[in-house]
Structures are given as C-alpha cells and as structure tokens.
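As structure tokens, the structure follows; a few thoughts come after it.
The values are calculated or read from the model by the stated rules, or taken from the named source; none is laboratory data. These numbers were taken from a predicted model, which means no experiment stands behind them. Positions of Cβ are generated from backbone atoms using ideal geometry, with glycine treated the same way; all protein chains shown enter the neighbour counts. Only protein heavy atoms, including side chains, enter the accessible area calculation; ligands, DNA and RNA are left aside. Shrake-Rupley method; radii C 1.70, N 1.55, O 1.52, S 1.80 Å.
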Amino acid sequence: MSEDVAVGGLDTPVGRISVAVTRDGLASVSWGRRVASGRLPVVDDGDRLAPVLGQLSEYFAGARRDFDVPVDWRHVTGSASGVVLRTLHQSVPYGSSVTYGGLATLSGTGVPARAIGGIMGANPIPIVVPCHRVLASDGLGGYSGGSGGNGVEVKRWLLTLEGVLPPTFDWSPAGLTT
C-alpha cells in the first residue's frame, strides 16, 4: 500500500482551516485553503477526513474538549520537537495553559523556553496539538495560526473559547471581531 494523504477543509469562526490526513492519522492543520501535504499524492477520501473535520467542527461549536483522532507524528521534524509537542498534546488539557518555560520543564528535553516558542511556531498540527495554550511568562506570546497577521487575535479567541481568558465585551463565539 502506498503512502498518500486526504485533504479537506472547514470554515471556522477563526477562518478557513485545512487538514491533511494520512492513513496513520492527522498530519497537518493549516489556515486558509493551502494545506501541507508534503510530497505525498493527494487522494479523495471523505471517510478519512470525516472524523477530523467532525471533531474540529464540534470543538469550534464548544461541544468538544478532547480530540481523539489519531495523530501521524512522523511529519514532525526533529526529535526534541516531537517530544515537546507530544508532551503538550498529552499534558495540557482544554481550559488550561502552560508557559514556554513550564512546557520546557514538562518535556524534560532540556530545550530552553525561547526555543519552545520556535517549536510552537513550527507545530504542523495546531488546535489538536494545542500550541495556543502555551503562553509567555508576561502575556499571551505569539501565535503563528490565523491568516492576515491576526495570529495573536486567533490565540486570544481560542483561549476565550476554552475559558482560559474571560470574554471581553466584543468577544463573539461566532467569530473574530476586528
């Protein structure tokens, strides 16, 4: 059996999200219509996409707190990055957060806090591997998600959805307000 990837997308309150799913699991989540499929041939496989897109839809509707779709970790580059992202995925649940330094300690990799930010920025599976839950010691920190330079606002929206941040007067579950 050859390796291939199914790609699909979903309109969400924070913009269009695209996913790539291999036979082993979710390999990529990205904003917009562009999805990282690597060099794998793309196949039309709605059955493979349905669980991922369904769970993302439930998450954005406030009806899902945990993702139980399989993750294809083979597409995470660097062994330290893989350990850090797996630690995040397994240790920082919905409605909670951790600092870059806290995640560095949790991972046991010896990766410094500043480098944790780089790993979060390169996370190929945001939302499901919740890099939005990783904060700077003095505020939100950055976020590479979103499009059009609104990454920090996407992070703020996701953290508000999860109850980490209180809603502001202009927060709307229907989407970002600018």
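Within the range 60-76, residues that are closer than 11 Å to Leu161 by Cα and of a type outside the set (Val, Ile, Thr) sit with their Cβ atoms under 7 Å from residues that are part of a loop (DSSP other than H, G, I, E, B) and open to solvent by less than 50 Å² (accessible area, probe 1.4 Å), at 6+ positions apart or across chains, in these pairs: Phe60/Pro13; Arg65/Tyr94.
Scanning the range 151-171 for residues that are touching a residue at least 40 places away in the same chain (Cβ under 8 Å) and open to solvent by less than 50 Å² (accessible area, probe 1.4 Å) yields Val154, Trp157, Leu158, Leu159, Leu161, Glu162, Val164. Flag not set for Gly141, criterion: part of a loop (DSSP other than H, G, I, E, B), exposed (fewer than 14 other Cβ atoms within 10 Å of the Cβ) and over 14 Å from the mean Cα position of the chain (by Cα). On inspection, Val134 does not qualify as β-branched (Val, Ile, Thr), under 22 Å from Asp24 (Cα atoms), in contact with a strand residue (DSSP E or B) (Cβ under 8 Å, 6 or more places away or on another chain) and at pLDDT 95 or above.
The criterion of being over 30 Å from Ser172 (Cβ atoms) and surrounded by 20 or more Cβ atoms within 10 Å (Cβ to Cβ) holds for Ala104.
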